[in-house]
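Contents: one structure, followed by commentary.
The values are calculated or read from the model by the stated rules, or taken from the named source; none is laboratory data. Predicted model only: the values in this text are computed from it and were never measured. All Cβ positions, glycine included, derive from the backbone under ideal geometry; neighbour counts span all protein chains shown. Quick note on the areas: whole protein, heavy atoms, side chains included, nothing else; ligands and nucleic acids left out. Shrake-Rupley method; radii C 1.70, N 1.55, O 1.52, S 1.80 Å.
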Amino acid sequence: ADGAPLWAGELGRLDVSDDGIGHLATTVDGLNPDRWSPQSPHLYRLTVEVAGANAPLRETTRIGFRRFEVVDGRFLLNGRPLFLKGNSINPPDRTLPHSLDGSPRFATDYLHALKRSGINIIRLTRHSQVWFDVADEVGMLIFQGNYGTPEGGGATHPPERPFEQSMQW
């Protein structure tokens, strides 16, 4: 809220392979962020700068801190029980004019109306970064999936594509 960083410092050396792909894995301990939840959707800016032979590369993205798990058949968000109250038919791609389909204002108004109705999770049938971003901002959980038989599957046999491939967009 005050804009003060949770942490700043060096993460280590980025190893870059011959094909130009870099990899760095590290852990930063001692952070004490406010956790994201539907009631308090705290978001932070993560900025990473890579210095090297070329000009520095600086990228910023938004993140939230949360832990979602299932324990003894109960959903827990940040260690607290969560009862999912959902709505399964949502834009985008649901008989909306294209002008509204990717509109952050429409998505914000729509998700706020659902929250006022007690809904805390929605289902999206396709990837929409606008809807993912707005859901993070207003405190709405998302389940993504489609009804029906998976591509290549049937009533008596599973799809031929491996599960990991079927989940790629």
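Could you tally the net charge around ARG105, taking each other residue with its Cβ under 13 Å from the Cβ of ARG105, Lys/Arg +1 and Asp/Glu -1? Walk me through the numbers on the way to the answer.
Working: positive: none; negative: ASP101, ASP109, ASP133, GLU137.
Local net charge: -4.
Have a look at the DSSP beta bridges in segment 1-131 and tell me what percent are antiparallel, nearest 5.
Details: 15 of 17 bridges.
If we restrict to bridges inside segment 1-131, about 90 percent are antiparallel.
Net charge near GLY64: determine it from the other residues with C-beta under 12 Å of the C-beta of GLY64, scoring Lys and Arg +1 and Asp and Glu -1. Let's see the in-between values first.
Values: positive: ARG35, ARG45, ARG62, ARG66, ARG67; negative: ASP34, ASP133, ASP136, GLU137.
So the environment of GLY64 carries a net charge of +1.
For segment 100-107, just list the computed ³J(HN,Hα) in residue order, Karplus coefficients 6.51, -1.76 and 1.60, θ = phi - 60°, integers in Hz, with x standing in for Gly and Pro.
Each residue of segment 100-107 in turn: 9, 3, x, 8, x, 5, 4, 4 Hz.
Once amide H atoms are built 1.01 Å from N in the peptide plane, which residues 5 or more positions from LYS85, or in another chain, come under 5 Å H to H?
ASN120, ILE121
Please report the net charge: other residues with Cβ closer than 11 Å to the Cβ of SER37, K and R +1, D and E -1.
Details: positive: ARG35, ARG66, ARG67, ARG80; negative: ASP34.
Spelling it out: positives minus negatives among the neighbours equals +3.
Between PHE75 and residues 5 or more places away or on another chain, which pairs have amide H atoms under 5 Å apart, with H built 1.01 Å from N, and which residues are they?
LEU82
Measuring with a 1.4 Å probe in the full set of protein chains, what accessible area per residue, in whole Å², belongs to segment 21-63? Numbers along the way, then the final one.
Values: 3480 Å² over 43 residues.
Heavy-atom SASA per residue in segment 21-63 reads 81 Å².
Using packing as a proxy for protection, rank 98-109, 14-25 so that the peptide with the highest average count of other Cβ atoms within 10 Å comes first. Write down the numbers at each step before the final one.
Details: 98-109: 14.5, 14-25: 8.8.
Highest to lowest by the protection proxy: 98-109, 14-25.
Could you tell me how far the Cα centroid of segment 127-144 sits from the Cα centroid of segment 27-60, in Å?
Cα centroid of segment 27-60 versus Cα centroid of segment 127-144: 19 Å apart.
Quick one: 3J(HN,Hα) in Hz for segment 122-128, Karplus 6.51/-1.76/1.60 with θ = phi - 60°, rounded, Gly and Pro as x.
10, 10, 10, 9, 8, 6, 9
Report the Stokes-Einstein translational diffusion coefficient (µm² s⁻¹, integer) for segment 1-145, Rh taken as the Kirkwood radius over Cα pairs, at 20 °C with viscosity 1.002 mPa s.
119
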